[in-house]
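So the structure is just underneath, and the comments pick up after that.
Just so it is clear, none of the values below were taken in a lab; they were calculated from the coordinates. Given the structure is predicted, the values throughout are model-derived calculations rather than measurements. Every residue, glycine among them, receives a Cβ derived from its backbone with ideal geometry; neighbour counts consider all protein chains shown.
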Amino acid sequence: MSIIADLINFFQSFPGIGPRQARRFVYHLAGSEPKSLEEISKLLVRFHKEVSRCSTCFRIFEGKSNECVVCSNPNRDDSKLLVIEKDADLENMERNQIFDGRYHVLGGLLSPLRPEIQEKLRLKELYKRVEANKKLGEIVLALSATTEGDMTKRYIEKILEPIIKSRKFKISNLGRGLSTGTELEYSDRDTLKHAFENRK
Ligand SMILES: [Zn+2]
């Protein structure tokens, strides 16, 4: 494929970016100074070198260690695990200091329209973590209140059922302080706190 078509495809893979916007990005790049193109390629190389994905919770972070600051912090509460869709949601929870337990970033939500996404989500990894963590008392599903979020919740409850039967921990969902379709990424502290305290 041509370089222009390749770049359009690349931008189109970004969340919320359609073919027309992707094309505009490429034309914008074509009109940029050679210097700023060099700058972008340097930034991408740096990004690749300096950003890691945590081997435990799967969030991305700046640094080269195996685990992020949350997973490597011995003072976090091992009895609580918060399952979240994406990195931006986790960042917002951390920024607002709502939660003192551990996280698991799924990397997306199940979708009736895109069944292939199931393979990309860290569901097996979630199962293994839950199975291995004997201190676990509660799993909080902090997924958005959408068709996809609900589908994912039901699926997680189903795959964890055999473990729940043999051990005592509960699965809760964030309270509906988060209105339908509201994403965790954009909620303010009061809304998050309310949703967390009213989990059931
Ligand atoms: Zn981590």
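Let me make sure I get this right: for the stretch 3-53, a, b and c are the square roots of the gyration tensor eigenvalues over alpha carbons, sorted descending. Under 1.5 in a/c it's rounded, otherwise prolate if a/b > b/c, else oblate. Which is it? Working shown, then result.
Details: a/c = 2.58, a/b = 1.24, b/c = 2.09.
Here the stretch 3-53 falls in the oblate category.
Say we join alpha carbon atoms closer than 10 Å with springs in a Gaussian network model of the chain; which of Ile164, Ile40, Ile17 then has the biggest fluctuation?
Ile17
Can you tell me how the stretch 1-94 classifies by the Cα gyration tensor, rounded, prolate or oblate, using a/c under 1.5 as the rounded cut?
Working: a/c = 3.44, a/b = 2.09, b/c = 1.65.
Prolate is the answer for the stretch 1-94, as a/c is 1.5 or above and a/b outweighs b/c.
Hey, what did the chain get for relative contact order, percent, Cα under 8 Å, at least 6 apart?
Computed over the chain, the figure is 16 percent.
Please compute the modelled spin-label separation between Asp188 and Ile3, points set 7 Å along Cα→Cβ, answer in nm with one decimal.
Going from the Ile3 label point to the Asp188 one covers 4.7 nm.
To make sure I understand the rule: partners must be lysines, Cα under 19 Å from the Cα of Lys134, and not fewer than 8 residues away in the same chain. Which ones qualify?
Within the straight-line limit of under 19 Å, Lys134 reaches these lysines: Lys80, Lys124, Lys165, Lys168, Lys170.
At 222 nm, what value in deg cm²/dmol follows for the chain if DSSP H runs of at least 4 each add -39500 (n - 2.57) and the sum is divided by all its residues, to the nearest 500?
On the way: 7 runs with 87 residues, N = 200.
For the chain, the value works out to -13500 deg cm²/dmol.
Please give me, ordered by residue number, the trypsin sites (Lys or Arg not before Pro) of the stretch 74-131 that lie in loop per DSSP and have at most 12 other Cβ atoms within 10 Å.
Numbers: sites: Arg76, Lys80, Lys86, Arg95, Arg102, Lys120, Arg122, Lys124, Lys128, Arg129; in loops: Arg76, Lys86, Lys120, Arg122.
Listed in order of number, the matching sites are Lys120.
Using the crude model of +1 on Lys and Arg Cβ and -1 on Asp and Glu Cβ, and no other charge, please compute the dipole size for the stretch 74-190 relative to its Cα centre, in debye to 20. It would help to have the intermediate numbers written out before the result.
Details: 22 positive and 21 negative charges, 146 e Å.
My answer is approximately 700 debye.
Please state the shape class of the stretch 64-200: rounded when a/c is under 1.5, otherwise prolate if a/b exceeds b/c and oblate if not, all from the C-alpha gyration tensor. Walk me through the intermediate numbers first.
Details: a/c = 1.27, a/b = 1.02, b/c = 1.24.
Verdict is rounded for the stretch 64-200.
Among Phe25, Gly107, Phe14, whose Cα sits farthest toward the positive end of the charge dipole of the chain (+1 at Cβ of Lys/Arg, -1 at Cβ of Asp/Glu, about the Cα centre)?
Final value for the positive-end residue is Gly107.
Please state the charge dipole magnitude for the chain, taken about the Cα centre, from unit charges on C-beta atoms (+1 on K and R, -1 on D and E), reported in debye and rounded to the nearest 20.
On the way: 35 positive and 29 negative charges, 132 e Å.
The calculated dipole for the chain is roughly 640 debye.
Using Cβ counts within 10 Å as a stand-in for footprinting exposure, how do Val83, Val69 rank, fewest first?
Numbers: Val83 23, Val69 13.
Final ranking by Cβ density, sparse to dense: Val69, Val83.
For Lys200 and Lys134 in one chain, what is 0.36 nm times their gap in residues minus the Cα-Cα distance, to one decimal in nm?
Numbers: separation 66, 0.36 × 66 = 23.76 nm, distance 2.18 nm.
Full extension of this stretch gives 21.6 nm more.
Could you tell me which helices of the chain pass both thresholds, a Cα extent of 15 Å or more along their own axis and a mean Kyte-Doolittle hydropathy of at least -0.5, with helices taken as whole DSSP H runs? Don't jump to the answer; show the numbers that get you there.
Values: long enough: 19-30 (16 Å, -0.72); 34-50 (24 Å, -0.60); 147-166 (30 Å, -0.60).
Flagged H segments: there are none.
With contacts defined as alpha carbon pairs under 8 Å and 6 or more residues apart, what's the relative contact order of the stretch 26-135 in percent?
Relative contact order here is 18 percent.
What FRET efficiency, computed as 1/(1 + (r/R0)^6) with R0 = 22 Å and r the Cβ-Cβ distance, is obtained for Gln21 and Glu119, rounded to the nearest 0.05?
On the way: r = 27 Å, r/R0 = 1.23.
The pair Gln21/Glu119 has a calculated efficiency of 0.20.
Taking the convex hull of the alpha carbon atoms in the stretch 33-142, what volume per residue do you get, in Å³?
On the way: hull volume 15.9 nm³, N = 110.
Normalising the Cα hull of the stretch 33-142 by residue number yields 145 Å³.
Please find the FRET efficiency linking Asp100 to Thr146, where r is the Cβ-Cβ separation and R0 is fixed at 41 Å, and quote it to the nearest 0.05. Kindly include the intermediate steps, with their values, before the conclusion.
Working: r = 27 Å, r/R0 = 0.66.
The pair Asp100/Thr146 has a calculated efficiency of 0.95.
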